[in-house]
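Student: Structure provided below as structure tokens; questions to follow.
The values are calculated or read from the model by the stated rules, or taken from the named source; none is laboratory data. Remember, it's a predicted structure, so these values are computed and weren't measured experimentally. Counting neighbours? That spans all protein chains shown, and the Cβs are built from the backbone with ideal geometry, glycine included. SASA here: full protein model, heavy atoms, side chains in, ligands and nucleic acids out. Shrake-Rupley method; radii C 1.70, N 1.55, O 1.52, S 1.80 Å.
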Amino acid sequence: MACSRSLALWSVGMFLAGCGTVLFALRGTAPDILSIVAANFLLILGTGIRRSGFAVFLGLRSHVWLFATIAFAWIVLYQFPEFRDNFIVRVNYVQSVMILSALWMVWMAFFENREKLYSARMLGMTTLVEAAAFMWYTVNQNILALPSFQSGYAEGFMSVYLLIVMFSIIMTIVLPASMVIERSQHGFREQALQDELTGLPNRRAFLNDAEDWISVNASPSGVYSLILFDMDQFKLVNERFNQAMGDALLQLFARILKDTLAENAVPGRVGGAEFAVFLPAGDKELANLTAQRICRRFGLECQEASGGRLIVTTSVGLVSAGVSTPLERAMEAAEGGLHRAKKQGRAQIVTMDLAPNGKLVKDAKTTGFSVLRKKAA
């Protein structure tokens, strides 16, 4: 929706500015009311609407009213002889609007571009060049004090100005479509790396994020923890109630992860009812406390939401390892702990300790949740 509205505004802006440029070309042959008044009105309004289209694309306020006001102010000022008969004053008014609008777009392209789109940055660079051309034209007009627009055609600066403007017009036709395509590609990539139901990273994205941290922090003393959660007897919940209830439980668990975990933690949904948490620089004590807090909160919220009718417990496999330990090995160990927790009666946290070479250094340690285990789903 934002892309469609943005392109619509951009197209209208380009059309109006184009009409103003055509009227400029007729100066000397067409009446001043068209070649001066209407031409500058359309140019100012079109430039503002074009900027508004870019703002809408970035999710910002359009401010169409601002440039409409400036365009109508041009018409009002033109009624005064002091303004109408002074070519330099008119040039400074129009070019100042063009320069400020262009610089505003440059600011948005580099500082309001939350998606970091390369095509939007390229548009910002193109607009910066365009702003420089407007400045170049304005400075030369003020220095040479030319009496009219037509008299500037014989000057060298006008050729440079027109070439840059033509270049920017071409780029501003191509780049908006490129921005829409790039945003769509980003959306497809996010969908490919995100679990649609919970909004968490899927298995591939989770592993990629965790491995990225390990590769950046590969120091001999670095450690990390990996926690695997799996809802106990989740299939029975779906059979006893319905799939909608199962989806609600998955979404609840995802929300608890988002609310509970530290900012640097990496959560993900890695299976049907299986979730994983990667704790950068987290030792096993911190990981164990984190797992307990999440399990208890999930169990309590399930009871509260269902009036005590539905109690769902969670089994956990937990492993802490040095950054020299491959993530795949840590996942295997955590899955082993999760399997043992299920085998030993569910609603438990089984901790596995790994040596730097990836071997288990001692038997698993089990932490149970006896209160929650009374009525497993």
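Student: Taking the stated definitions as given, is residue 62 outside any helix (DSSP H, G or I), open to solvent by less than 30 Å² (accessible area, probe 1.4 Å), under 15 Å from residue 13 (Cα atoms) and in contact (Cβ under 8 Å) with a residue 24 or more places away in the chain?
Tutor: For residue 62, the condition - outside any helix (DSSP H, G or I), open to solvent by less than 30 Å² (accessible area, probe 1.4 Å), under 15 Å from residue 13 (Cα atoms) and in contact (Cβ under 8 Å) with a residue 24 or more places away in the chain - is met.
Student: Only one of 168, 215 is out of contact with any Phe, Trp or Tyr (no Cβ under 8 Å at 6 or more places or on another chain), closer than 24 Å to residue 263 by Cβ and among the polar types (S, T, N, Q). Can you tell me which?
Tutor: When all the criteria are applied, what remains is 215.
Student: Here are some conditions: (1) modelled with pLDDT of 90 or more; (2) over 17 Å from the mean Cα position of the chain (by Cα); (3) of a type outside the set (D, E, K, R). Residue 200 meets all but one. Which one does it not meet?
Tutor: Against the list (1) modelled with pLDDT of 90 or more; (2) over 17 Å from the mean Cα position of the chain (by Cα); (3) of a type outside the set (D, E, K, R), residue 200 comes up short only on (2).
Student: Hey, any hits in the range 27-41 for a residue that's in a strand (DSSP E or B), open to solvent by 10 Å² or more (accessible area, probe 1.4 Å) and more than 19 Å from residue 131 (Cα to Cα)?
Tutor: Initially, the range 27-41 is screened for residues in a strand (DSSP E or B), giving 27, 30.
This time we only want the ones that are open to solvent by 10 Å² or more (accessible area, probe 1.4 Å), so: 27, 30.
Filter once more, so that each one left must be more than 19 Å from residue 131 (Cα to Cα): 27, 30.
So far as the range 27-41 goes, yes, one or more of its residues are in a strand (DSSP E or B), open to solvent by 10 Å² or more (accessible area, probe 1.4 Å) and more than 19 Å from residue 131 (Cα to Cα).
Student: Filtering the range 143-164 down to residues that are assigned to a helix (DSSP H, G or I) and in contact with a helix residue (DSSP H, G or I) (Cβ under 6 Å, 6 or more places away or on another chain), which residue is nearest to residue 29 (Cα to Cα)?
Tutor: Here the residue is 152.
Student: Please list, ordered by first then second residue, the pairs with beta carbon atoms under 7 Å, 6 or more apart or interchain, first in the range 249-265 and within 13 Å of residue 201 (Cα to Cα), second assigned to a helix (DSSP H, G or I) and open to solvent by less than 60 Å² (accessible area, probe 1.4 Å).
Tutor: 257/294
Student: Looking at this structure, is residue 265 open to solvent by less than 50 Å² (accessible area, probe 1.4 Å), modelled with pLDDT of 85 or more and either touching a Gly at 6+ places or on another chain (Cβ under 9 Å) or of a type in the set (Ser, Thr, Tyr) (or both)?
Tutor: Yes: the conditions hold for residue 265.
Student: With respect to residue 130, is the statement that it is of a type in the set (D, E, K, R), buried (at least 17 other Cβ atoms within 10 Å of the Cβ), out of contact with any strand residue (DSSP E or B) (no Cβ under 6 Å at 6 or more places or on another chain) and under 18 Å from residue 52 (Cα atoms) true?
Tutor: yes
Student: Is it the case that some residue within the range 311-323 is under 31 Å from the mean Cα position of the chain (by Cα) and surrounded by fewer than 24 Cβ atoms within 10 Å (Cβ to Cβ)?
Tutor: Yes.
Student: Among the residues of the range 285-301 satisfying the criterion of being open to solvent by 70 Å² or more (accessible area, probe 1.4 Å) and not aliphatic (A, V, I, L, M), which is nearest to residue 253 (Cα to Cα)?
Tutor: Filtering first and then ranking leaves 297.
Student: Continuing with the same structure: Among the residues of the range 230-239, write down those that are over 17 Å from residue 295 (Cβ atoms) and either in contact with a Ser or Thr (Cβ under 9 Å, 6 or more places away or on another chain) or in contact (Cβ under 8 Å) with a residue 60 or more places away in the chain (or both).
Tutor: 236 - this is the single residue of the range 230-239 that is over 17 Å from residue 295 (Cβ atoms) and either in contact with a Ser or Thr (Cβ under 9 Å, 6 or more places away or on another chain) or in contact (Cβ under 8 Å) with a residue 60 or more places away in the chain (or both).
Student: If I ask for residues that are among the basic types (Lys, Arg) and under 28 Å from residue 172 (Cα atoms), which ones from the range 81-114 would you list?
Tutor: Within the range 81-114, 90, 114 qualify.
Student: If a residue must be within 29 Å of residue 304 (Cβ to Cβ), at pLDDT below 90 and of a type in the set (Phe, Trp, Tyr), how many such residues does the range 212-260 contain?
Tutor: Of the residues in the range 212-260, 2 are within 29 Å of residue 304 (Cβ to Cβ), at pLDDT below 90 and of a type in the set (Phe, Trp, Tyr).
Student: Same structure again: Restricting attention to the range 185-206, and to residues there that are open to solvent by less than 50 Å² (accessible area, probe 1.4 Å) and not hydrophobic (A, V, I, L, M, F, W, C), which single residue is nearest to residue 267 (Cα to Cα)?
Tutor: Top of the filtered list is 201.
Student: Check off (1) surrounded by 14 or more Cβ atoms within 10 Å (Cβ to Cβ); (2) touching a strand residue (DSSP E or B) at 6+ places or on another chain (Cβ under 8 Å); (3) modelled with pLDDT under 90; (4) not basic (Lys, Arg) for residue 372 and give me the number that stays unchecked.
Tutor: Going through the list (1) surrounded by 14 or more Cβ atoms within 10 Å (Cβ to Cβ); (2) touching a strand residue (DSSP E or B) at 6+ places or on another chain (Cβ under 8 Å); (3) modelled with pLDDT under 90; (4) not basic (Lys, Arg), residue 372 breaks only (2).
Student: Quick check on residue 169: is it over 27 Å from the mean Cα position of the chain (by Cα) and surrounded by 11 or more Cβ atoms within 10 Å (Cβ to Cβ)? Can you show your working first?
Tutor: Details: over 27 Å from the mean Cα position of the chain (by Cα): yes; surrounded by 11 or more Cβ atoms within 10 Å (Cβ to Cβ): yes.
Criteria met by residue 169.
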